[in-house]
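What follows is a set of notes on a single structure, which appears directly below.
The values are calculated or read from the model by the stated rules, or taken from the named source; none is laboratory data. If you're wondering where the values come from, they're calculated on a predicted model, not measured in any experiment. Cβ atoms come from the backbone with ideal geometry, glycine included; neighbour counts cover every protein chain shown. Remember, those area values only see protein heavy atoms, side chains included, never the ligands or the DNA or RNA. Shrake-Rupley method; radii C 1.70, N 1.55, O 1.52, S 1.80 Å.
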Amino acid sequence: MTCWETVTAYAFRSLGYGERLLPRSDFTLCQQFTLIGSGLIWNIYFGVLALVAGFFLANAIALAKTARSPWVRKPADWFIFLFRGSPLFIQFFLAYEALQMLPKAGIKVLWITVETSWTTRAWAGALFVLFLNTAAYSAEIFHGALKSIPKGDLEAADAYGISGWAKFRRIQWPTMLRLAWPAYTNEAIFLFHSTTLVYFSGFPAFQQRGDALYYANYFADKTFNPFVPYPIAAGYFIVLTLLLIWLFGAINRRLNRHLPSNMGRKIRLRPQVIR
Amino acid sequence: MFAYCADPKSLEGLAWLACYLTTGKHMGLYWSFGTVLLLLAITAPVALAFGFVGAMAARSPFLPARIIGKGYTAMVRGVPDIVFFLFFVIALDQGIEWLNHQIRCPDWTEPIRQGLEFRVCPQAKVPLGSSPQYVHQLYGFGLAVMTFSLVFGAFAANVLYGAMQAVPRAQLETAEAYGMNHAQVFRRILVPQMWVYALPGLSNLWMILIKATPLLFLLGVQDIVYWARELGGAKTSAYEYPHPDWRLYYFLFLLVFYLGFTKLSEIVLDRLTARLSRGQATAAGEAMRKAGA
C-alpha cells in the first residue's frame, strides 16, 4: 500500500468514510500521520462550533452579570461558578450520565416525539458541554473587560447624547471586545486543546471514529511506542495553534485599527488550560 | 462496618444506606480522595521547584541552558497538556526500564524493541514482576506524580519567568551598584521581590492543578473517577447491594466536591494576596493604604 493509497483510504476515516478497519499490524508513519490528521477534523469541529456559539451566550451572560437586578445577576454568577469551578473532565462524565437518563423511546412534546438517543453521542453531547463551558470562561473575560472600559469613554458618550442601546452598540461593546481580545485568544486556544478530552471522558467513539488524540492513543497502545504518535499529534496541534494565533491576531489588529500603533494590546499567552 | 449490616437484603431505608455507604469498596472511594490530596500535596512543591529551575535556566546567560529553559516553558503552549499526560506516563516508564536494563544486563543481546513489544531483561523490570500489588500501585502513582510535576512545572516556569522579569530593573541595578555579584542579586533582591508578581499566576495555576486531578484516571491510577464509575454502575441482585445505574449521583457528588474545593482555595488565595500586597509598591498595595488612611 503506497502512502497515497493510505491517504485516500483513511483521510476521512474519522467521519466514517473510506476503509472500515483500522490498521492492526505493520504500522507505517504514513498511516499514523493520516489517521491522526483525520481525527483532527473532530477537534476543529468541536472547537469552531463551540467557540462561535459560545461567543453569543458569553456576551449575554457577561451582560447579565453586570445587571443590577439580582434575579438576572445571580443566575449568571452561578452559571459561571459552576462551569469554571469544576473540571471539564467531570462535566463531560456528568453530562453523559445525565443524557443517558433521558427516556430511550424519546420524549413526547404535544404530538411530536422528540428522539433522544442522539444526545448521548459525542458530536452532540460533548459539543453542548464544550459550548456551555467556553461560554462561562468567555463570559468571565468579557465581564472583566466591561468593567474596565475607561470612565471617560462613557462620559463622552453621555455628553454626545448617546444612550441606551446605541451607547452599548457603538461604545461599550466594541471597547469591551477590544479589551477582552487578548484574553479571549487564550481562551480559544485552550478550548481547542480541551477538545482532546472528549473521547477520554465517557463519550464513546462510535465505530472508532475519534479525534486526533484518540487515534494517537490507539497507535501508542498497539505499538507500545509513545515516541511516534504523540509527537505527531503535538505537531498537528502546534500548527492549529499557530493558525488560531494568526487569525485572532488579524482580528485584534482590526479591532485596534483606530489607535496609534504603539497602543495596540499585544496578545500574550497565559496558561488557562485544563478546565 | 456496623453489626446490623450482616444481612443487607433485609435492610431498608436509612439503615440500608448507612450500610451501603460503608462497604469496603466505598472505603476505597473515600481513601481515593486522600490520593487526590496527596497528589496535590506532592505535585505543588515539586512543580514549583521544576518551574523555578526552568525559569532560572531560561534567564541564564549560558546559551544551551537558556534554550532548554525556553523550550521547557514553551512546550505547554501549543500542545494540549493531555497529550503530555498520556505521553510521559509511558515514556517515563520505558525510560526508567531502559536505563535499568543498561545497568543490570549489560550483556543482553536481543533488541529491546521487538516489533510491537518493549522487552527488557526480567531483572530490569520496574517494579519487579514478583513484587506485591501495592508496589505496582505505588509505582503507578509515582509515575503519575512525576508526569503532573513535569507538565505543571512548565506552567510554573512560565509564571515565574514573567515574575522575575517584572521586578523593577532599578532594584537590581541598585544592588549591583552596591557591589553585589549576580548570585547575590538573584538571591537577596530578585527572589524575595518576585513572589508578589508571581502570586496571581501561581494561584491561577493552583486552580488549574485542582481541576486537572481527575485526569489521574487516564494515567491508570485508581482515583475518585475510577471509583465513581465502579461503584455507580448498575448492580444486579447478584450483588449484596443491588441498585440501578447511579453514576449520575456519584459524579454529581464529585462535582460538588470540586466546586467546594476550588471555592475554598479561592477564599484562601484572596487572603494570601491581600496579605502579600500589604505595603508593596503595587496598585493593590496602594489601594489598601488609601482604604486604611
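Taking residues in the stretch B:147-165 that are open to solvent by less than 10 Å² (accessible area, probe 1.4 Å), and partners anywhere that are of a type in the set (D, E, K, R) and at pLDDT below 90, the pairs with Cβ atoms closer than 8 Å and at least 6 places apart or on different chains are B:VAL151/B:ASP81; B:MET164/B:ARG59.
Looking only at the stretch B:5-21, filter to residues that are farther than 15 Å from B:GLU230 by Cα and under 34 Å from the mean Cα position of the chain (by Cα); which one of those is surrounded by the fewest Cβ atoms within 10 Å (Cβ to Cβ)?
The residue in question is B:LEU17.
Residues that are open to solvent by 20 Å² or more (accessible area, probe 1.4 Å) and of a type in the set (Ser, Thr, Tyr) within the stretch A:227-247 comprise just one, A:TYR236. The number of residues in the stretch A:202-226 that are facing another protein chain (nearest Cβ under 10 Å), at pLDDT 90 or above and open to solvent by 10 Å² or more (accessible area, probe 1.4 Å) comes to 1.
Checking each residue in the stretch B:77-96 for being in contact with a helix residue (DSSP H, G or I) (Cβ under 7 Å, 6 or more places away or on another chain) and more than 7 Å from chain A (Cβ to nearest Cβ) picks out B:PHE84, B:PHE85, B:PHE88, B:VAL89, B:LEU92, B:ASP93.
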